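The values are calculated or read from the model by the stated rules, or taken from the named source; none is laboratory data. Just so it is clear, the structure is predicted and the values come from calculations on it, not from any experiment. Virtual Cβ from ideal backbone geometry, glycine too; neighbours counted across all protein chains shown. To get the accessible areas, we keep the full protein, side chains included, count just its heavy atoms, and leave off ligands, DNA and RNA. Shrake-Rupley method; radii C 1.70, N 1.55, O 1.52, S 1.80 Å.
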Amino acid sequence: MITVEQFRTIATEFPEVTEALHSGNTSFQVKKKIFAVINPLEGRATIKLNESDQYAFCAFDKSVIFPVPNKWGKHGWTHLNLKKISLEILHDALATAYCTIAPKKLAQLVILKNDETDF
């Protein structure tokens, strides 16, 4: 199970990330745009992906990663089951969500860093 602190550590390792409250939960933002929200009471997080990334991540295991079941899901918002997801998949999902939202220059820094390391 992923803890709030593990999630926070990964989410805040990306450039210029800030935390803010969003509907009673903690959101993670870049340039005031949300890329992730954690809901510890429900044991899940929600991230913003583009359509093709959402499809790819959800193909992994729908009990671990699945679209939000309403119109938000059709816009790329995707739930992560924190009780089942691995740290490696979580890191990849958060990096992808960050790069979806971040300005190109910041996203490029994450892409370059990921190319240099082996997760």
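Specify whether the C-alpha gyration tensor of segment 53-108 places it in the rounded, prolate or oblate class, a ≥ b ≥ c being the square roots of the eigenvalues: rounded for a/c under 1.5, otherwise prolate if a/b is larger than b/c and oblate if not. Mind showing how you got there, number by number?
On the way: a/c = 2.38, a/b = 1.30, b/c = 1.83.
In terms of gyration-tensor shape, oblate.
What is the sum of charges, Lys and Arg at +1 and Asp and Glu at -1, for the other residues whose Cβ falls under 12 Å from the Cβ of I34? Kindly include the intermediate steps, with their values, before the conclusion.
Working: positive: K31, K32, K33, K48; negative: E19.
Charge balance near I34 sits at +3.
Before I look further, what does the chain give for accessible area per residue, probe 1.4 Å, in whole square angstrom? List each step's numbers first, then the result.
Numbers: 6990 Å² over 119 residues.
With the other protein chains kept in place, the chain gives 59 Å² per residue.
Among the lysines, which fall within straight-line cross-link reach of K104, defined as a Cα-Cα distance under 18 Å, with same-chain neighbours fewer than 8 residues apart omitted?
K31, K32, K33, K48, K113
For a quick check: with amide H placed at 1.01 Å from N, whose amide H comes under 5 Å from T26's, ignoring anything fewer than 5 positions away on the same chain?
For T26, whose amide H was placed from the backbone, the distant partners under 5 Å are I38.
With a sphere of radius 13 Å drawn around the Cβ of P67, what net charge do the other residues whose Cβ falls strictly inside it have (Lys, Arg +1; Asp, Glu -1)? Each step should come with its number before you reach the end.
Values: positive: R44, K48, K62, K71, K74; negative: E51, D53.
Net of charged neighbours comes to +3.
Using a Gaussian network model of the chain with C-alpha springs under 10 Å, which one of H79, H91, H22 is most mobile by mean-square fluctuation?
Looking only at H79, H91, H22, the largest GNM fluctuation is found for H22.
If packing is taken as the average number of other Cβ atoms within 10 Å across a peptide's residues, how do 1-14, 93-106, 32-45 rank, most packed first? Let's see the in-between values first.
Working: 1-14: 15.5, 93-106: 19.6, 32-45: 17.4.
Highest-to-lowest ranking by the protection proxy: 93-106, 32-45, 1-14.
With point charges of +1 on the Cβ of Lys and Arg and -1 on the Cβ of Asp and Glu, referenced to the Cα centre of the chain, which listed residue (L106, T26, S86) lies farthest in the positive direction of the dipole?
It is T26.
Before anything else, pin down the relative contact order of segment 24-119: Cα pairs under 8 Å, at least 6 apart, normalised by residue count, whole percent.
Numbers: 131 pairs, mean separation 25.5, N = 96.
Answer for segment 24-119 is 27 percent.
Can you pull the percent of the chain's accessible area that's carbon plus sulfur, 1.4 Å probe, other chains left in place? Could you put the intermediate results ahead of the total?
Values: 3940 of 6990 Å².
C and S fraction of accessible area: 56 percent.
So what is the calculated 222 nm ellipticity per residue for the chain, using -39500 (n - 2.57) for each DSSP H run with n of 4 or more, over all residues, to the nearest 500 deg cm²/dmol?
-12500 deg cm²/dmol
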